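So the structure is just underneath, and the comments pick up after that.
The values are calculated or read from the model by the stated rules, or taken from the named source; none is laboratory data. Bear in mind that the values here come from a model prediction, so they are computed numbers and not experimental data. Backbone-built Cβ (ideal geometry, glycine too); neighbour counts: all protein chains shown.
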Amino acid sequence: MDGVLVHEGIMVPGADRFVALLAEKGRSFLVLTNNSMFTPRDLCDRLAQSGLVIPEASLWTSALATAQFLDSQRPNGKAYVIGEAGLTTALHDIGYVLTDRHPEYVVLGETRTYSFEAITKAIRLVADGARFIATNPDPVGPSPQGILPACGSVAALISHATGVAPYFVGKPNSLMVREGLNTLGAHSESTVMVGDRMDTDVVAGIEAGLQTILVLSGVTAKEQIDRFPYRPSRVIDSVADLIGELEDLEALQ
């Protein structure tokens, strides 16, 4: 989502036409984000304010992927959660009890207000045997004032204090992509990952067996591509470059 369709809350030029064409051509799609703070309904509203109309069912967050993973591992379990409504709602919806009393999991997500008290509680619960899950490994996130510590940084703190490494569900874990494919009822050989980061989007797509398109409208710059031991299938300036293909041909297959 960020860096592909929007950049710092502003729509990438042509993104609205690109999304509209996907719908017109009957191309099923999901918009992925590692941000676990917002529910799909919240994201719909935020995207609409940027000029993008995307249905809730087409939004796939690391919170939803984490909830689906936990449901597949231990249905109707208990978890101590550090995060916002996007994560707590997703876990409630799959039947999880959120508690700090003998939880089976500590689940760490994104929040603008990481609490020392909550982190201390998480450390003690993990040290006592709770399994440690984190929605994504991103070390920092953006804000109008500059970068903020994000889920990956706080996970490192908890891991360093307990000696227990978290299992990250979000990108670059290809699990998030495979769960998205299952949600779409799609196959990897006929699906494309479009992303702006080599270290999350492209590698997750490659490991899930997808074609990959890197857009240069976000994080990764063109001169950085050769630093990585893997390459995207294609490199384009932005999703606007795909509009002609969708309009003229049976593209992206």
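Here's the yes/no breakdown for (1) out of contact with any Asp or Glu (no Cβ under 7 Å at 6 or more places or on another chain); (2) modelled with pLDDT under 95; (3) of a type in the set (Val, Ile, Thr); (4) within 20 Å of residue 179 (Cα to Cα):
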residue	(1), (2), (3), (4)
76	yes, no, no, yes
81	yes, no, yes, no
131	no, no, no, no
144	yes, yes, no, no
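If I filter the stretch 8-17 for residues that are at pLDDT below 95 and closer than 14 Å to residue 86 by Cβ, do I get at least one hit? No, because not a single residue in the stretch 8-17 is at pLDDT below 95 and closer than 14 Å to residue 86 by Cβ. Of the residues that make up the stretch 193-205, is at least one over 15 Å from the mean Cα position of the chain (by Cα) and either free of Cβ contacts under 8 Å to residues at least 12 places away in the same chain or in a loop (DSSP other than H, G, I, E, B) (or both)? No, the stretch 193-205 contains no residue that is over 15 Å from the mean Cα position of the chain (by Cα) and either free of Cβ contacts under 8 Å to residues at least 12 places away in the same chain or in a loop (DSSP other than H, G, I, E, B) (or both). When we screen 147, 158 for residues that are without any contact (Cβ under 8 Å) to a residue 12 or more places away in the chain and within 19 Å of residue 34 (Cβ to Cβ), the only hit is 147. For the stretch 165-186, the set of residues classified as small (Gly, Ala, Ser) and either free of Cβ contacts under 8 Å to residues at least 40 places away in the same chain or part of a helix (DSSP H, G or I) (or both) consists of 165, 174, 180, listed by residue number.
Looking at residue 106 and the list (1) surrounded by fewer than 21 Cβ atoms within 10 Å (Cβ to Cβ); (2) in contact with a Lys or Arg (Cβ under 8 Å, 6 or more places away or on another chain); (3) of a type in the set (A, V, I, L, M, F, W, C), which single condition is not satisfied? All conditions pass for residue 106, except number (1). Can you pull out the residues in the stretch 69-125 that are among the basic types (Lys, Arg) and part of a loop (DSSP other than H, G, I, E, B)? Of everything in the stretch 69-125, those that are among the basic types (Lys, Arg) and part of a loop (DSSP other than H, G, I, E, B) turn out to be 74, 101, 112. Do you know which of the residues in the stretch 180-223 that are among the acidic types (Asp, Glu) and surrounded by 22 or more Cβ atoms within 10 Å (Cβ to Cβ) is farthest from residue 59 (Cα to Cα)? Top of the filtered list is 196. Among the residues of the stretch 54-73, not a single one is over 20 Å from residue 179 (Cβ atoms), more than 16 Å from the chain's Cα centre (by Cα), modelled with pLDDT of 95 or more and among the small types (Gly, Ala, Ser). Scanning the stretch 143-164 for residues that are in contact with a helix residue (DSSP H, G or I) (Cβ under 7 Å, 6 or more places away or on another chain), in a helix (DSSP H, G or I) and aliphatic (A, V, I, L, M) yields a total of 4.
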